[in-house]
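Following: one structure in structure tokens, then a few remarks.
The values are calculated or read from the model by the stated rules, or taken from the named source; none is laboratory data. Remember, predicted model here, so these are calculated numbers, not experimental data. So basically every Cβ, Gly included, is an ideal-geometry build from the backbone, and we count neighbours across all protein chains shown.
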Amino acid sequence: MNRTMKTLLSLVHEHEQFVDRKCIQLNPATNLMSKKVRGLLSSTIGSRPAEGEAGEKYQTGMTYIEAIERLTHQLLRDLFRARGSEFRPLSGSMANALVLNALTQPGDALLALPLVAGGHISHHGIGVAGYRGLRTMEINFNEQSMNIDCESLRELAKKYRPKLVILGQSLCLFPPPFEEIRKIASETEAVFIYDGAHVSGLIAGKAFPNPLEYGFSFLTSSSYKTLPGPPGGFILSNHEDLLQKVKRAAFPGFTANYHCNRVAALAAACVEMLQFGEAYTTQIVRNSKALAENLHKLGFNVLGKEFGFTETHQVALNVSEIGGGARCVRLLEEASILCNKNLIPGDSPRQAKNPMGLRMGTQEVTRLGMKETEMAVIANMIAALLLKQVDPVRVKKEVEALRSSFQEIFFC
Ligand code: DSN
């Protein structure tokens, strides 16, 4: 075999052996795919262009691909209790790009949450919104409750009459006050979008409220975080007319071939979530609470204390007094514990490379069958590294010992 090819195959293999088998993965923005989902992802159907809606394809030989598309739409609608779906965006940001481009003109105003409150870059000037020429106005975020300030949302919506309001966060500990937001949405002309990239699996498993039931016209998402599917994006809506505009942005707008292998794999993940989603997501939230409580008891500054720390897959720490996010993630990585440095309220967006926050998620360890007992063990390992200066080499051995008993993927 060609040497470069050997190197390439070995790098991929080594990554899989290390990250998927030996590390404790606590990055809340990722997950493990089941064997079936992974198998479908490697199907040859992905390199067969299939442009246009099922029944109106531009290519021939589409009989089976059209049936896969129809089935995937049905599964997405069933899983998210929605009337319409779109699966062609190749990522969560692309899902937002389709909606933003379909429903706005350059110069329009958009309301979103600040980056330091977990607002996604695609909602802001540096991302998709900026490339569309939108003016993003930031809604206040309440640091104490770690939740949206509804009065600020109401005021800004009246003052700027934005075309869109986009909520949903990459740092998301609690559901927003959906009942109050529904009232605000009914008082304004703006289209409300919920970016559920992080929590879409929780929504599917009914562990987090479904924004489509609270006045939101769109739920956009990526498909590989709490929803343990393949890399990609999707959109759900109950508004047929608005969704048709978004579908035109998908094709012929932004995608020609949308990679049907990815869509078939997404369909398989939906089947698994319809069957196991409730049990899976209930345990995710239990594990997050257990991890947060243990970290708190060990002396960490865990955000959201007054509200029970978390209602999602995420746990967030303020580590500004123990060296900051960048130092902490490096130390944890030395012991094969992977999590994110993250902006938190109180940070400046300019501190993104060394923010005060540390963000963790339990969706992957839960999928491996870990429960509250293991969360206590992991919290102790984190404290050993970050609070007690135990040698990372020693903790790494403990991490590998724990991980060796958790190699199977559950809930599929
Ligand atoms: N939203 C990012 C994250 O949460 O890491 C990925 O786009």
*What about Gly215, is it modelled with pLDDT under 95 and either crowded, with 17+ Cβ neighbours inside 10 Å or not aliphatic (A, V, I, L, M) (or both)?*
yes
*asked:* Which residue is farthest from Asp20 (Cα to Cα), if the candidates are limited to the range 363-406 and must be under 23 Å from the mean Cα position of the chain (by Cα) and not aliphatic (A, V, I, L, M)?
replied: Glu372
*Failed criterion for Pro231 (all others in (1) touching a helix residue (DSSP H, G or I) at 6+ places or on another chain (Cβ under 9 Å); (2) assigned to a loop (DSSP other than H, G, I, E, B); (3) more than 15 Å from the ligand (Cβ to nearest atom); (4) more than 27 Å from Asn142 (Cβ to Cβ) hold)*: (3)
*Which condition breaks for Arg350 when tested against (1) in a helix (DSSP H, G or I); (2) more than 15 Å from the ligand (Cβ to nearest atom); (3) crowded, with 21+ Cβ neighbours inside 10 Å?*
(3)
*Any residue at all in the range 30-46 that is within 16 Å of the ligand (Cβ to nearest atom) and among the hydroxyl-bearing types (Ser, Thr, Tyr)?*
yes
_Among the listed residues Leu202, Leu212, identify the single one that is touching a residue at least 40 places away in the same chain (Cβ under 8 Å), away from the ligand (no atom under 15 Å from the Cβ) and closer than 30 Å to Arg286 by Cβ._
Leu212
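Conditions (1) basic (Lys, Arg); (2) surrounded by fewer than 23 Cβ atoms within 10 Å (Cβ to Cβ); (3) closer than 18 Å to Pro28 by Cα, marked per residue:
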{"residue": "Ser288", "(1), (2), (3)": "no, no, yes"}
{"residue": "Ala292", "(1), (2), (3)": "no, no, yes"}
{"residue": "Leu343", "(1), (2), (3)": "no, no, yes"}
{"residue": "Gly357", "(1), (2), (3)": "no, no, yes"}
{"residue": "Gly369", "(1), (2), (3)": "no, yes, yes"}
{"residue": "Leu387", "(1), (2), (3)": "no, yes, no"}
*Residue, nearest to Ala279 (Cα to Cα), within the range 189-208, restricted to residues that are within 15 Å of the chain's Cα centre (by Cα) and not aliphatic (A, V, I, L, M)*: Gly205
_Just to confirm my filter: which helices (runs of 4 or more DSSP H) fall fully inside the range 1-86 and include at least 1 residues that are over 21 Å from Arg262 (Cα atoms)?_
3-15
*Identify, from the list Val315, Val329, the residue that is within 16 Å of the ligand (Cβ to nearest atom), in contact (Cβ under 8 Å) with a residue 12 or more places away in the chain, of a type outside the set (Ser, Thr, Tyr) and part of a helix (DSSP H, G or I).*
Val329
_helices (runs of 4 or more DSSP H) completely within the range 90-196 that count 3 or more residues being within 24 Å of His313 (Cβ to Cβ) and either more than 14 Å from the ligand (Cβ to nearest atom) or touching a residue at least 60 places away in the same chain (Cβ under 8 Å) (or both)_ = 92-103, 178-187
*Selection from the range 228-247 of residues that are β-branched (Val, Ile, Thr) and more than 16 Å from Ala204 (Cα to Cα)*: Val246
*Mind listing just one residue for me: the one in the range 215-227 that is more than 13 Å from Leu76 (Cα to Cα) and not in a strand (DSSP E or B) and, of those, nearest to the ligand (Cβ to nearest atom)?*
Lys225
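Here is a yes/no grid of residues against (1) free of Cβ contacts under 8 Å to residues at least 60 places away in the same chain; (2) aromatic (Phe, Trp, Tyr); (3) surrounded by fewer than 16 Cβ atoms within 10 Å (Cβ to Cβ); (4) in contact with a helix residue (DSSP H, G or I) (Cβ under 9 Å, 6 or more places away or on another chain):
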position	(1), (2), (3), (4)
Pro28	no, no, no, yes
Val37	no, no, no, yes
Leu40	no, no, no, yes
Gly46	no, no, no, yes
Glu56	yes, no, yes, no
Tyr64	yes, yes, yes, yes
Thr72	no, no, no, yes
*Taking the residues in the range 353-398 that are assigned to a loop (DSSP other than H, G, I, E, B) and of a type in the set (Lys, Arg) as candidates, determine which candidate is nearest to the ligand (Cβ to nearest atom).*
Lys353
*Just for the range 298-311: of the residues that are surrounded by fewer than 17 Cβ atoms within 10 Å (Cβ to Cβ) and in contact (Cβ under 8 Å) with a residue 40 or more places away in the chain, which one is farthest from the chain's Cα centre (by Cα)?*
Gly299
*Can you tell me which residue within the range 333-344, out of those that are in contact (Cβ under 8 Å) with a residue 40 or more places away in the chain and within 16 Å of the ligand (Cβ to nearest atom), is nearest to Val393 (Cα to Cα)?*
Leu338
